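Notes for the one structure printed next.
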Amino acid sequence: MSFGTELIHSAEEALAIAKGEMEPAGAFIPETVDVAAVRKKQKLSQTDFAERYGLPVATLRDWEQKRRLPDRAAMVLIALIERKPKMVADTLAAS
């Protein structure tokens with residue numbers, strides 16, 4: 001495939017992703033995450049959520065109150081917790 005053809009194909013994929021017609025390939029880390037919603041979905045208090053996932057409760061409060069934003073690694077962790085909470089909790093408990 002020529003460079004021009006690849007470029008056109010990439011632009012078409014980007015447009016389809018932007019329109020919601022296609023999921024991005026590879027890893028995707030959201031720019032923002034509703035940490036409180038992830039926690040509340042599990043019916044955990046801030047203290048219990050922080051303890052289960054090895055987070056300082058003060059950091060969790062800062063994220064939930066939008067005083068600070070999670071960094072990239074924390075975003076990955078929260079995304080994993082949202083999708084596979086038991087796996088993350090079990091993994092951390094085994095450490």
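Across segment 17-23, computed HN-Hα scalar couplings (Karplus, 6.51 cos²θ - 1.76 cosθ + 1.60, θ = phi - 60°) run 5, 4, 7, x, 8, 8, 8 Hz from first to last residue, x flagging Gly and Pro. The value given for the chain is a Kirkwood hydrodynamic radius of 15.5 Å, derived from the mean inverse Cα-Cα separation.
Here the chain is treated with +1 on each Lys and Arg Cβ and -1 on each Asp and Glu Cβ, and its dipole about the Cα centre works out to around 640 debye. A simple spin-label model places pseudo-atoms 7 Å from Cα toward Cβ; at LEU15 and ASP71 they are separated by 3.9 nm.
Quick note: the coordinates plus some simple rules give every number you see, no bench work behind them. Just so we're clear, the structure is a prediction, and the values are computed from it rather than from any experiment. In this analysis, Cβ positions are derived from the backbone assuming ideal geometry, glycine residues included, and neighbour counts consider all displayed protein chains.
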